[in-house]
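No value in this document is a laboratory result; all are computed from the given coordinates. Source: prediction; values computed, not measured. Here the Cβ positions follow ideal geometry from the backbone for every residue, glycine too, while neighbour counts run over all protein chains shown.
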Amino acid sequence: MKKIIIDCDPGIDDSLAIMLALQSPELQVLGLTIVAGNAPVEMGFQNAKKVLKFLNRLDVPVYAGEAAPRKREYVNALDTHGADGLGESFLPEVENQPIPEKTAVEFLSDELRKGGVSIIALGPMTNLAKLVDTDPEALLMAERIVSMGGNFRSHGNCSPVAEYNYWEDPDSAKVVYAFAYEHQRMIEMVGLDVTREIVLTPEILEKMITANPVVGDFVKKITKFYFQFHWEWEHIRGCVINDPLAVACFLNPELLSGLEAFTDVETTGISLGQTVVDSMGFYRKESNARVFTKVDTIGFWELFLTRILQISKKQVQEEFREVYLEKNQ
Ligand code: RIB
Ligand code: CA
């Protein structure tokens, strides 16, 4: 089993990613570390607990991390994720789940130092940048660092050129990519170029409910607000579920392809939060990022649906093929 820590800001798509990770037998989820992002850190902590309770996995520890970006003012994304950060599903609070004394960054440091642990980062990189400050040796021991964030040729979702996770805290993203450059490491960047291909449509959702009413209803509950948001703002029928693709990338890297390049993050001005991917080698700097540009969407849906619905690949191929092919016709 591969040991991972999911650093996240639940968040609707973070929740779907947590569901995928915990239903994947190849993974041992050592814990969830929460960062301010979609929702304030305390709300994200509770939302993580709500998802773990639904999965009957309250054994997975959750730690609270940084409550604000490294330098900028904190800007949440509750307009996208709903007032409760979970699609206004208003699930009941999970009782007796105090926030641990140990911080997210302390937990990351302790676990990474044991070796053989990877990070799947689904939110702003504030916790990871804090770890660079406090214990860079621990981060050096991370086996893989997969980040949902950034964009190469796809337009932004927070500005014409910036994706939310790196826009909300560009200074932290810059610190982490600089750390990777300094130590010849590769950040696996699962950005909008590929996540925009992963659209949960009403048709897929309805078939999920048929295949597994309990899980399907839960997914419907937490995504209905997201559907409305996507229609109003991006005129998309359905919702882009970004974060599960980062987990899928960790589980099966073959699902994604792209390029290796030196990548930096702009931290000021009109293009703040933009990932500058030097695909042509202008800066003559070693690559510090594997930037994905193509995704096997059918391979993703077969992985995602079999795992979270607990159904066979054959059943997915028979029941879902015509609906998830729709996006790609
Ligand atoms: O831009 C999309 C990313 O920002 C996703 O991880 C979403 O959950 C938010 O964190
Ligand atoms: Ca997220």
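Worth a mention:
- Counting only Cβ charges, +1 for Lys and Arg and -1 for Asp and Glu, the dipole size of the chain around its Cα centre is about 540 debye.
- With helices as the sole contributors, the chain gives -12500 deg cm²/dmol at 222 nm; each DSSP H run of n ≥ 4 counts as -39500 (n - 2.57), and the sum is divided by every residue.
- Residue with peak Gaussian network fluctuation, the chain [Cα springs, cutoff 10 Å], from N151, N38, N76: N76
- Build a GNM of the chain with springs between Cα atoms under 10 Å apart, and of G65, G115, G31 the one that fluctuates most is G115.
- The alpha-carbon of K174 sits under 15 angstrom from the alpha-carbons of these aspartates and glutamates, leaving out residues fewer than 8 places away in its chain: D133, E163, E182, E188, D264, E266, D278.
- Cα coordinate range in the chain, projected on the principal axes (Å, largest first): 51, 48, 37
- Candidates S147, P136, V175 compared by Cα position along the dipole of region 128-212: farthest toward the positive end lies S147, with charges placed on Cβ.
- Computed from the alpha carbon positions, the gyration tensor of region 206-329 leads to an equivalent ellipsoid with semi-axes of 33, 19, 12 Å, biggest first.
- Prolate/oblate/rounded call for region 199-263, Cα gyration tensor, a/c under 1.5 rounded: oblate
- Protection proxy ranking, peptides 156-168, 188-200, average beta carbon neighbours within 10 Å, highest first: 188-200, 156-168
- Cβ-based charge dipole, region 178-288, positive-most Cα from V240, L259, T195: V240
- Distance violations [Cα-Cα > 30 Å] among K130/K285; K71/K285; K53/K102; K130/K224; K71/K220; K130/K220: K130/K224; K71/K220; K130/K220
- For the pair M1 and S279 in one chain, pulling the backbone fully straight at 0.36 nm per residue adds 96.7 nm over the alpha carbon distance.
- Contact order normalised by residue count of the chain, Cα under 8 Å, 6+ apart, percent: 18 percent
- Full extension of the segment from L259 to I209, taken as 0.36 nm per residue of separation minus the current Cα-Cα distance, would add 14.3 nm.
- Tail weight of P(r) past 28 Å, computed on alpha-carbon pairs of region 1-146, percent: 12 percent
- Cα gyration tensor, region 48-95 - rounded (a/c under 1.5), prolate or oblate: oblate
- Local net charge near I12, Cβ-Cβ under 11 Å (Lys/Arg +1, Asp/Glu -1): -4
- Pairs from K50/K207; K50/K221; K2/K294 whose Cα-Cα separation, in the structure shown, is over 22 Å: K50/K207; K2/K294
- Part-to-part distance (alpha-carbon centres) for region 107-129 and region 29-64, which is given in Å: 15 Å
- Working from label points 7 Å from Cα in the Cα-to-Cβ sense, the H155 to Q317 distance is 3.8 nm.
- Projected label distance in nm at E42 and E101, using a 7 Å step from Cα toward the beta-carbon: 2.1 nm
- Whole-Å semi-axes of the ellipsoid equivalent to region 59-130 (Cα gyration tensor, √5λ, descending): 24, 18, 12
- If the segment from M141 to Y74 were pulled out straight at 0.36 nm per residue, it would be longer than the present Cα-Cα gap by 21.2 nm.
- When +1 charges are put on Lys and Arg Cβ atoms and -1 charges on Asp and Glu Cβ atoms, the dipole computed for region 219-281 relative to its Cα centre reaches about 580 debye.
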